[in-house]
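Below is one structure, written out as structure tokens; comments come after it.
Just so it is clear, none of the values below were taken in a lab; they were calculated from the coordinates. On a predicted model such as this, the values are computed, not experimentally measured, just so you know. Glycine also receives a Cβ, built like all others from the backbone with ideal geometry; neighbour counts cover every protein chain displayed.
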Amino acid sequence: MTEKIDIKGEKDMPAMAMSLGLMDWNKTGSWRNLRPVIDYEKCTRCMICWKFCPDACILIRDEEPVIDYDYCKGCLICAEECPRDAISVVKEE
Amino acid sequence: MKLTIPEQELMQSGHLACQGCGATLAMRYALKALGQNTVLSIPACCWSVIDGPFPYSSLKVPIFHTAFETAASAASGMEAGLEMMGDKDTQVVAWAGDGGTFDIGIQALSGAAERNDNIMYICYDNEAYMNTGIQRSSATPRLSWTTTTPENHPKETPKKDMVGIMAAHRIPYVATCSVAYPEDMVKKVKKAKDTQGCKFIHVFAPCPTGWRSAPETCVKLARLAVQTKVFPLYEIFNGVDYKINVKPAKPKPVTEYVKLQGRFRHLTEADIKQIQRTVDWEWERLLKMAEGCEETEEKKGKKKKK
Ligand SMILES: Cc1ncc(C[n+]2csc(CCOP(=O)(O)OP(=O)(O)O)c2C)c(N)n1
Ligand code: SF4
Ligand code: SF4
Ligand code: SF4
Ligand SMILES: [Mg+2]
């Protein structure tokens, strides 16, 4: 995980314009109003949801799709595209 | 479990795109095809924001953020620099929006194409200037709502035929892609990478924010655009050899595509009929262009010198 990079002054600046870390510290899961939930009984592991996630936050764990709620923005493309209707939608509190 | 596109993820979660952003899917697929040995030249566009603020990035490949009109010239410069250093493997990619491509960046792009510089240019097309608040571009379809083409001042002109313009430069490879067809897109970007010279790829990338459409319909809209023939998938080799990749057996009426988007909400039945006629006419024209090309394509694509 990238630590927050503190740039206080010129001395902390890189010699040229370049990035010093990834955006992974930015937990976009807090943007979510609706939560997609996979029903593994219905899921056939076709990975179509993984393929179409614009936030690259459906992980592959032991050949199964696992939604990373730290980053999932709740766009629901995965639920819309799942051919098995295996992804249900739950309202976030 | 079988994956139909590469597993490698060079786009990091935590990026700043809106929910259901097609431009983000386009980048994810492009990088899966390009791999790690890639440098991007990105002019002002949504992607300069999506990537994240300095000193962070969402991409695991180097990016050069450049001025709005300079995606292609910056890429040509980087390519020349790499060549001077003896690096023949790194693929330089200009990555720009439709505004940066169809409008302000067209002269830099035309220059790079005319010189046949060894760069790949990928335009993600969301059909307006989204980053600055949904202003019309020359890629905006006729009659579409934008903040500069309100209902009482509709855009009367059709979408610019950018693919035709690029083909007219007789560059080795031009292709259209859609975020609803990732396998096709990965294949085309790989093909472009293996081709020496200037390559142009036009990706259809729905924008829920600007199109006033539900985020979950992003992929569905991109698919409908192909199934209704609004955005055909095809390749052009050396500017003359056409190959249509998807020929919908039973094309859907354009209404199905149009009705899901707020930007077309004001259209009358007559407007939609007119759009249908234009789409049918353009499709017939494309079929004619592709006639007799079947045998000669690909063979003529010059392979990259190793
Ligand atoms: C010379 C110049 N003019 C205007 C701008 C403001 N500007 C920044 S991004 C943008 C729109 C980009 O539209 P497009 O290329 O379609 O990309 P999108 O935002 O839709 O992804 C504009 C007008 C600028 N940065 N530079
Ligand atoms: S798309 Fe549906 S069936 Fe396929 S892997 Fe995802 S949840 Fe499972
Ligand atoms: S809701 Fe959207 S962001 Fe969340 S996992 Fe599904 S496709 Fe990805
Ligand atoms: S405005 Fe549109 S293109 Fe830009 S980040 Fe949002 S959804 Fe993507
Ligand atoms: Mg745009």
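Candidates B:239, B:101, B:152 compared by Cα position along the dipole of chain B: farthest toward the positive end lies B:239, with charges placed on Cβ.
Calculate the mean, over all residues of peptide B:109-116, of how many other protein chain Cβ atoms lie within 10 angstrom of the residue's Cβ. Walk me through the intermediate numbers first.
Numbers: counts 0, 0, 0, 0, 0, 0, 0, 0.
So the per-residue partner count for this stretch is 0.
For region A:27-91, a simple Cβ point-charge model (Lys and Arg +1, Asp and Glu -1, everything else neutral) yields a dipole of about 240 debye relative to the Cα centre.
How high is the relative contact order of region B:136-244, in percent, counting Cα pairs under 8 Å that sit 6 or more residues apart?
With pairs under 8 Å counted, the relative contact order is 27 percent.
Compared with the dominant Cα axis of chain B, that is its longest principal axis, helix B:71-84 is turned about 20°.
Among the listed pairs B:188/B:288; A:73/B:191; A:8/B:32, those with a Cα-Cα distance over 24 Å are A:73/B:191; A:8/B:32. Neighbours of residue B:269 by Cβ distance under 14 Å: Lys/Arg scored +1, Asp/Glu scored -1, total +3. Contact order for region A:27-91, expressed relative to its length and based on alpha carbon pairs under 8 Å spaced 6+ residues apart, stands at 49 percent. Placing unit charges on each Cβ (+1 for Lys and Arg, -1 for Asp and Glu) gives region B:106-207 a dipole about its Cα centre, and among B:137, B:196, B:110 the Cα reaching farthest toward its positive end belongs to B:196. Which of the three applies to the protein assembly as shown, rounded, prolate or oblate, going by the alpha-carbon gyration tensor with a ≥ b ≥ c and a/c under 1.5 meaning rounded? Rounded is the answer for the protein assembly as shown, as its axis ratio a/c remains below 1.5.
When +1 charges are put on Lys and Arg Cβ atoms and -1 charges on Asp and Glu Cβ atoms, the dipole computed for the protein assembly as shown relative to its Cα centre reaches about 780 debye.
Of B:259, A:11, B:288, the sequence from fewest to most neighbouring Cβ atoms within 10 angstrom is A:11, B:288, B:259. Measuring between alpha carbons in the structure, the pairs from A:91/B:259; A:91/B:273; A:91/B:2; A:27/A:91; B:160/B:220 lying more than 29 angstrom apart are A:91/B:273; A:91/B:2.
Using just its DSSP H runs of length 4 or more, each adding -39500 (n - 2.57), chain A gives a mean residue ellipticity at 222 nm of -2000 deg cm²/dmol after division by all residues. Assuming charge only on the beta carbon of Lys and Arg (+1) and of Asp and Glu (-1), the dipole of region B:22-305 about its Cα centre is about 560 debye to the nearest 20.
From the square roots a ≥ b ≥ c of the eigenvalues of the alpha-carbon gyration tensor of region B:1-134, which class results: rounded (a/c under 1.5), prolate (a/b over b/c), or oblate? Oblate, because a/c is 1.5 or more while a/b does not exceed b/c. Hydrodynamic analysis of region B:132-278 uses the Kirkwood radius over alpha carbon pairs. Inserted into Stokes-Einstein at 4 °C and 1.567 mPa s, it gives a translational diffusion coefficient of 79 µm²/s. Ordered by the count of other Cβ atoms within 10 Å of each Cβ, fewest first, B:109, B:221, B:260, B:287 give B:287, B:260, B:221, B:109.
Summed over qualifying helices (DSSP H, 4 residues or more, each -39500 (n - 2.57)) and divided by its residue number, chain B shows a 222 nm mean residue ellipticity of -9500 deg cm²/dmol.
Rounded, prolate or oblate: which one fits region B:138-193, using the alpha carbon gyration tensor with axes a ≥ b ≥ c (rounded when a/c is under 1.5, else prolate when a/b beats b/c, else oblate)? Cα axes put region B:138-193 in the oblate bin.
Cβ crowding within 10 Å, taken as a proxy for footprinting-reagent exposure, orders B:1, B:85 from fewest neighbours to most as B:85, B:1.
Normalised Debye scattering of region B:22-305 at q = 0.12, 0.15, 0.16 Å⁻¹ gives log10 I(q)/I(0) of -0.72, -1.14, -1.30, counting only Cα atoms as equal scatterers and leaving out solvent.
Relative contact order of chain B, please, whole-number percent, based on alpha carbon pairs below 8 angstrom and at least 6 residues apart.
With pairs under 8 Å counted, the relative contact order is 17 percent.
Taking Cβ atoms as reference points and 15 Å as the exclusive limit, the residues near residue B:101 contribute a net charge of -2, counting Lys and Arg as +1 and Asp and Glu as -1.
Taking K and R as +1 and D and E as -1, what net charge do the other residues with C-beta under 11 Å from the C-beta of residue B:8 add up to? Result for the neighbourhood of residue B:8: +1. Working note: Cα gyration tensor of chain A, eigenvalues times five, square-rooted, sorted largest first, giving semi-axes of 35, 14, 10 Å. Shielding by partners for peptide B:19-26, expressed as the average number of C-beta atoms from other protein chains within 10 Å of each residue's C-beta, is 5.
Can you pull the mean other chain C-beta count within 10 Å for peptide B:43-56?
Working: counts 0, 0, 0, 0, 0, 0, 0, 1, 2, 6, 3, 8, 12, 11.
Counting other chains' Cβ atoms within 10 Å and averaging over B:43-56 gives 3.
For region A:1-61, with the dipole built from +1 on Lys and Arg beta-carbon atoms and -1 on Asp and Glu ones, taken about the Cα centre, which of A:13, A:2, A:49 lies farthest toward the positive end? Of the listed residues, the answer is A:49.
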